[in-house]
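Q: Below is one structure. I have some questions about it.
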Amino acid sequence: MNKNDKQKIILIGGMLATGKTTLAKSLYEKLKFPYFYKDILKEKLGEAIGFSNREENLKLSKGAFLMLYSISEQLVANHSSFIL
């Protein structure tokens, strides 16, 4: 992004299975902004760490959200546009 471009942050929220990721992918195709979403991070954490009950699954969700926050902070600090 050059210095004359304005940073753009697109936040997508909604209920389960309402098409948030599909919308993010569609916006990526048009805008070429990187996109990040909780489910892919949680999936990768689950593959690496595993879980055996609801409590551990909720911890994975919390970890995925913390990762999203950290990624977002870095992108904002670098004035990068992104979709979350």
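A short reminder: the numbers here are calculations on the coordinates, not readings from a lab. Values in this document were obtained by computation on a predicted structure and should not be read as measured data. Here the Cβ positions follow ideal geometry from the backbone for every residue, glycine too, while neighbour counts run over all protein chains shown.
Q: Let me know the charge dipole size of the chain about its Cα centre in debye, to the nearest 20, where only the beta-carbon of Lys, Arg (+1) and Asp, Glu (-1) is charged.
A: 280 debye
Q: Continuing with the same structure: Enumerate the lysines that K42 could reach by cross-link, defined here as Cα to Cα under 24 Å, with residues fewer than 8 away along the same chain left out.
A: K42 reaches K20, K25, K32, K59, K62.
Q: Using Cα positions and a limit of under 14 Å, work out the aspartates and glutamates in reach of K8, with same-chain residues fewer than 8 apart set aside.
A: E73
Q: Using Cβ counts within 10 Å as a stand-in for footprinting exposure, how do F65, F33 rank, fewest first?
A: F65, F33
Q: So how tilted is helix 38-49 from the main axis of the chain? Cα-based, degrees 0 to 90, rounded to 10.
A: 40 degrees
Q: For a Förster distance of 35 Å, can you work out the FRET efficiency between the beta-carbons of Q7 and A48, rounded to the nearest 0.05?
A: 0.65
Q: Right, here's the next one. Sorted from fewest to most neighbouring beta carbons within 10 Å, what does the list I49, I71 look like?
A: Neighbour counts put them in this order, fewest first: I49, I71.
Q: I'd like the distance separating the alpha-carbon centroids of region 50-76 and region 14-38, in whole Å.
A: Rounded to whole Å, the Cα centres lie 18 Å apart.
Q: To continue, here is another question. What is the helix-to-structure angle for 54-77, meaning the angle in degrees between its Cα long axis and the longest Cα principal axis of the chain, kept from 0 to 90 and rounded to the nearest 10?
A: Value to nearest ten degrees: 20.
Q: Sticking with this structure for a sec: Could you check how many percent of all C-alpha pairs in region 9-83 are farther apart than 15 Å?
A: Tail of P(r) above 15 Å: 60 percent of Cα pairs.
Q: Kindly state, to the nearest 0.05, the FRET efficiency for L66 paired with K20, given R0 = 25 Å and r defined as their beta-carbon distance.
A: 0.85
Q: Continuing with this model, one more query. So what is the relative contact order of the chain, in percent, for Cα pairs below 8 Å that sit 6 or more residues apart?
A: Relative contact order for the chain comes out at 49 percent.
Q: Next question, about the same structure. Quick one: Y28, Y35, Y69, fewest Cβ neighbours within 10 Å first, how do they rank?
A: Arranged by neighbour count, lowest to highest, Y28, Y35, Y69 become Y69, Y28, Y35.
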